[in-house]
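All remarks here apply to the structure that follows.
Nothing in this text is a laboratory measurement; each read-out follows from the coordinates by a stated rule. Quantities reported herein were computed from a predicted structural model and do not represent experimental measurements. Because the Cβ atoms are built from the backbone with ideal geometry, glycine has one as well, and the counts that use them run over all protein chains shown.
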Amino acid sequence: MRPFDYVAPASAQEAVALLAEHGDHAKVLAGGTDLIVDLKHHAGNVSLLVDVTEIPEFLGIEETDEGLRIGSAAKYGEIMEHALCREYTPEIVAASHTVGAVQTRNLGTIGGNLVTCVPSADSAPSLLVLDADVTVAGTDGNRRMPLTDFFVGPRKTSLAPHELLVDIRIPKANLGKPSHFLKFGLRKGQALALVNAAAALWLDDKGAITEPRIALGAVAPKPVRCPKAEAVIAGKQPSDELLKEAAEMAVTECKPIDDFRASANYRRQLVRTMTYRCLKRSVEIASQR
Ligand SMILES: Cc1cc2nc3c(=O)[nH]c(=O)nc-3n(C[C@H](O)[C@H](O)[C@H](O)COP(=O)(O)OP(=O)(O)OC[C@H]3O[C@@H](n4cnc5c(N)ncnc54)[C@H](O)[C@@H]3O)c2cc1C
């Protein structure tokens, strides 16, 4: 591996300035579980790593007036142990448990996962179904955007060249929303998802489904929501037939590919089954409230 310089700035603005100054020669480093592997094979002209894991705004998990704030440099291990995540967003905890192995979870960050923007990123579905927002820092300061807009395509986010992902925010109204996450890989551990899926919904006082959300990974160029499947169940009384109808609609909203891990057809079957199971479990959790 080629040698490189390393710097750990103390603020987002300092990090942004370094990225602007060094252009293509600089890369952002968080846990390094993706980046260092990439640099071993395609170092290109990278000569400086800008470590964001010591910047206070990128760290920590806290409850704010608006909801839950998760610093982009929060590691999976931290999320899995954190009392607020376990209480308010158990499916983000569940998704974190499925990432890689212990070593990956002790180094890898939720922000790094979102920025890599691979279609199978395991953090994405459970954040999408909770309507997460992200904060982005750039030369003109910070801006916020829905996570759905952050994902653009395979390995492409809406981050401009010198921008950084600061944190992820779950709105207060969605803390504790009944939700379920599932991942299916070729093995139980250390496997990328053939499909990952999450659902979240409320039941109103008459038992009808409100604010349903369904999200899928590894079946489209980026992690996606399934608005047509959500519309199938919104405002209706849950039944097995209805949830299966929504799962069938979700199949029409994804565009899986054939690759060496699975055929597109197999992935479509996984979408059908996993969407149904995520919805069913979310309804069960909501019914027990
Ligand atoms: C053995 C192994 C198993 C894995 N298993 C899984 C798995 O099961 N599921 C899964 O989803 N992923 C998996 N991964 C991928 C990886 O671990 C995750 O995507 C991880 O969350 C990346 O986070 P990181 O902190 O290590 O990112 P890094 O490697 O440090 O960075 C990743 C990319 O994001 C950029 N970046 C990081 N933070 C920021 C920021 N705040 N702002 C702007 N850019 C930033 C970096 O420049 C780089 O381009 C695995 C990786 C390995 C090596």
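Arrange V271, V224, V93 by Cβ neighbour counts within 10 Å, fewest through most, would you? Before the final figure, lay out the partial values.
Values: V271 27, V224 22, V93 19.
Going from least to most buried by this count: V93, V224, V271.
What longest region of the chain stays clear of GluC sites (Glu not before Pro) that DSSP places outside H, G, I, E and B and that have at most 13 other Cβ atoms within 10 Å? Kindly include the intermediate steps, with their values, before the conclusion.
Details: sites that count: E54, E66.
Value returned for the longest uninterrupted segment is 67-289.
Could you tell me which of rounded, prolate or oblate describes region 119-166, using a ≥ b ≥ c as the square roots of the eigenvalues of the alpha-carbon gyration tensor, with rounded for a/c under 1.5 and, failing that, prolate when a/b is larger than b/c and oblate otherwise?
Oblate is the answer for region 119-166, as a/c is 1.5 or above yet b/c matches or exceeds a/b.
Take the Cα radius of gyration of the chain and divide it by 2.2 N^0.38 Å, with N its residue count; two decimals is plenty.
Values: Rg = 19.1 Å, N = 289, 2.2 N^0.38 = 18.9 Å.
The value comes to 1.01.
Most exposed first by the Cβ proxy, i.e. fewest other Cβ within 10 Å, how do T89, T273, T252 rank? Let's see the in-between values first.
Details: T89 29, T273 16, T252 12.
Final ranking by Cβ density, sparse to dense: T252, T273, T89.
For the residues M145, M249, what sequence is obtained by ranking on other C-beta atoms within 10 Å, fewest first? Before the final figure, lay out each step's value.
Working: M145 12, M249 19.
Ordered from fewest to most neighbouring Cβ atoms within 10 Å, M145, M249 come out as M145, M249.
List the DSSP H helices in the chain whose Cα atoms stretch 18 Å or more along the helix axis and whose mean Kyte-Doolittle hydropathy is at least 1.6.
Within the chain not a single helix satisfies the rule.
For a bin width of 10 Å, list the pair-distance distribution of region 179-287 built from all Cα-Cα distances, rounded to whole %.
Percent of pairs per bin, in order: 16, 49, 26, 8, 1.
Classify region 59-174: rounded, prolate or oblate, from the alpha-carbon gyration tensor (a ≥ b ≥ c, eigenvalue square roots; a/c under 1.5 rounded; otherwise prolate if a/b is larger than b/c)?
Working: a/c = 1.57, a/b = 1.19, b/c = 1.32.
Oblate is the answer for region 59-174, as a/c is 1.5 or above yet b/c matches or exceeds a/b.
With the Cα gyration tensor of region 5-51 in hand, give its eigenvalues times 5 under a square root as the equivalent ellipsoid semi-axes, listed largest first in whole angstrom. Write out the running numbers ahead of the final one.
Numbers: eigenvalues 68, 31, 9 Å².
Taking √(5λ) for each Cα gyration eigenvalue gives 18, 12, 7 Å.
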